[in-house]
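The values are calculated or read from the model by the stated rules, or taken from the named source; none is laboratory data. None of these values were measured; they are calculated from a predicted model. When we count neighbours, we look across all protein chains shown, and the Cβ atoms used for this are built from the backbone with ideal geometry, even at glycine. All accessible areas refer to the heavy atoms of the entire protein, side chains included, with ligands and DNA or RNA removed. Shrake-Rupley method; radii C 1.70, N 1.55, O 1.52, S 1.80 Å.
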Amino acid sequence: MPPTSAPAPIWMRDDRSLALVATLVWVVVLRVVVPGFFDYSEDDVALIQNGGSIGNQIIWLSLVLIPLILLRNRIKLTWMLLSTVNGWFLLLTLYACASVLWSIDSGATIRKLSHLIGIYVVCITVCLVGWNARRFQAVLRPVLTAIMVGSIIFGLVRPDLAIAGPNLAAGDPGGHWRGLTIHKNALGSVSSFAAILWFHAFLYRDTKWWAIVVGLASSLACLYLSGSSTSLVGTLMVIVFLLLGKLTPPSMRSHVTPVVITALLITIICYGLAVMKLVPGLDALISSATSAVGKDATFAGRTPIWDLVKANIALHPLLGTGYGAFWVGPFDTSPSYEFFRRLYFYPGEAHNGYLDIVLDLGYVGLVLLGGFIVRYFVLSNRLLKIDRSQALLYLSLMFYFLLANLAESSWLTVGPNPNWIMVGLAVVAMSRQLLDQRLHAAHGDPQAAATAAPQKSPAADDLARRYRSMTRRQRR
């Protein structure tokens, strides 16, 4: 009686579409960061209209349809992953979708939501097709480094396009590099992420040394050339955090790591209160830090922008104006055109992510964002006990986001920087790694199950012996 074959594994690894998934990441990052059709015009209206072209719509539609096709055979695993994702993250997204009902510009809200959903679907696909614990940085480092190297080359070849000119109305003297991105703050964000990922790779020897040298050198060069003080301060803070996490002796980690995390959170909160001038006199305590990077406590005079934003928030304090419905462009039909009338330039955002959340989604949205951040730290703490180096990377990115949003808007924002792509992918990747712990405990290693050698039947063994015998006779 022939032996019974081994039972099929309950879950197994599938790497057949790795190249396609990597391509999707490249497309979504480049589409968000690089202006459509490389239009570096200073005309905001032209940029906005170009962003709504047929080609742009096809790209975003493909970013939804192709991942859905790849996930068609992974329905069960997809639902399992979604059930473990940060619940506040899902609530915040659903609330943004519901804001279509009261949005002051429902068409703009729907367009922004379509892009947001495209990013989420790509992030889920990355964490379901050919997953491994280092997938987050493995798919992001190449494309971010390509933008860094490309920006340096672009700046040398076309300095008239890669280096921003002065903007006197906004108080910007110019001379800062924007590279392949739309402005210096976008280049600063991309270079910060690249520097953080490559510094993490350096600490944990995650890839080849020459790749680390190229990636770290190009990202630090772009960070310096961008002149973005927010990105510079955030990157330095994260580097210190990663160093402390790496160099802390194992016997002290359970005590030191919570203290360091708490200290950084308190520092960011105090810094935010001082920047927003919510506590009188507190800005004097951070004046030395801001002057060290050539900025005052208001970040290049953003106080007038914040004052106007707060006035508009007062009109819709609870629910907001609807996701993505306020900053639709310098059109006289939009309430945001008031900024152009009063400040003689169009900022395009509140230059504070927390104010923009309240502006779009009201104080309800701010509460949901707070819940998401708290839950993010809770899940990161769980991951610290499983994979310390990866958990430290996710924590460092959240510290950067918390600080960066004091001067730039990144929460739920699709472009012109990749910030929310990083957040979405970090959230899903963290949840996938925690889910993997449960699946491995219940079903074993999928890679081992998929690569295990199949058992041979007696008939197959007999056929192999005959073939070897015939081959020997032919050689004689």
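What order do THR125, THR23 take when sorted by accessible area (1.4 Å probe), most exposed first?
Numbers: THR125 0, THR23 75 Å².
These residues rank, largest area first, as THR23, THR125.
Using only the alpha carbons of region 294-409, determine the length spanned along each of the three principal axes and report them from longest to shortest in whole angstroms.
Taking max minus min along each principal axis of the Cα atoms, region 294-409 gives 54, 37, 20 Å.
If you count only protein heavy atoms and use a 1.4 Å probe, how large is the accessible surface of THR257, to the nearest 10 Å²?
10
Once label points are set 7 Å from the Cα along Cα→Cβ at both TYR224 and TRP102, what is their separation, rounded to one decimal in nm?
With each label point 7 Å from Cα toward Cβ, the separation is 5.0 nm.
Quick check: pseudo-label points 7 Å beyond the Cα along Cα→Cβ at THR267 and SER114, how many nm apart are they?
Going from the THR267 label point to the SER114 one covers 4.3 nm.
What is the extension gain from ARG382 to LEU90, computed as 0.36 nm multiplied by their sequence separation minus the C-alpha to C-alpha distance, in nm to one decimal?
Values: separation 292, 0.36 × 292 = 105.12 nm, distance 1.94 nm.
Length gained between ARG382 and LEU90: 103.2 nm.
Ranked by accessible surface with a 1.4 Å probe, highest first, in what order do VAL21, VAL378 come? List each step's numbers first, then the result.
Numbers: VAL21 0, VAL378 60 Å².
Solvent-accessible surface, decreasing: VAL378, VAL21.
Ignoring everything but the protein chains, give the 1.4 Å probe accessible area of ASP307 in square angstrom, nearest 10.
90
When all protein chains stay in place, what accessible area (Å², nearest 10, 1.4 Å probe) is found for ILE386?
About 80 Å², rounded to the nearest 10.
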